[in-house]
Amino acid sequence: MSIATYITGGLHSTGSIKDYILRGLAIGDDSIISDADAEKVAVKVWEKVLDGNYEAQELMRGISAMLFAKISDMEQVAPVVRSVDDSKIRFKWITDEFGNRLSRPFIDLT
């Protein structure tokens with residue numbers, strides 16, 4: 001069986017891409033999800049551990065914070081990166097005057 005057949009559940013010429021995904025997406029434990037709705041598929045994908053102990057959704061929170069959120073105290077050698085909605089601290093660390101990290105960073109991606 002080809003990987004395309006495995007992933008699409010054997011559908012090659014009919015249906016939309018959405019149908020292919022919902023009828024035959026292999027998730028984590030090699031089981032085939034059939035008749036799944038988009039929300040169930042999305043939850044399975046975003047709960048997948050990608051790096052170390054971090055799930056995809058947690059990594060996305062960290063990336064979003066570093067790219068789009070408020071970063072403060074850069075001149076005080078103690079940078080703080082807040083969440084995009086400014087509701088919590090995502091990263092905090094201590095640096096020397098050259099920007100070298102002196103301590104293990106505080107990370108909250110929940």
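Relative to the Cα centre, the charge distribution of the stretch 51-107, modelled as +1 at Lys and Arg Cβ and -1 at Asp and Glu Cβ, gives a dipole magnitude of about 120 debye. Counted by Cβ distance under 15 Å from P79, the other residues give a net charge of +1, where Lys and Arg count +1 and Asp and Glu count -1. Charge tally for I63 (other residues, Cβ to Cβ under 12 Å; Lys, Arg +1; Asp, Glu -1): 0.
All of the numbers you see were taken from the coordinates with simple rules; none came from a lab. Just so you know, these numbers come straight off a predicted model, no measurement behind them. Virtual Cβ from ideal backbone geometry, glycine too; neighbours counted across all protein chains shown.
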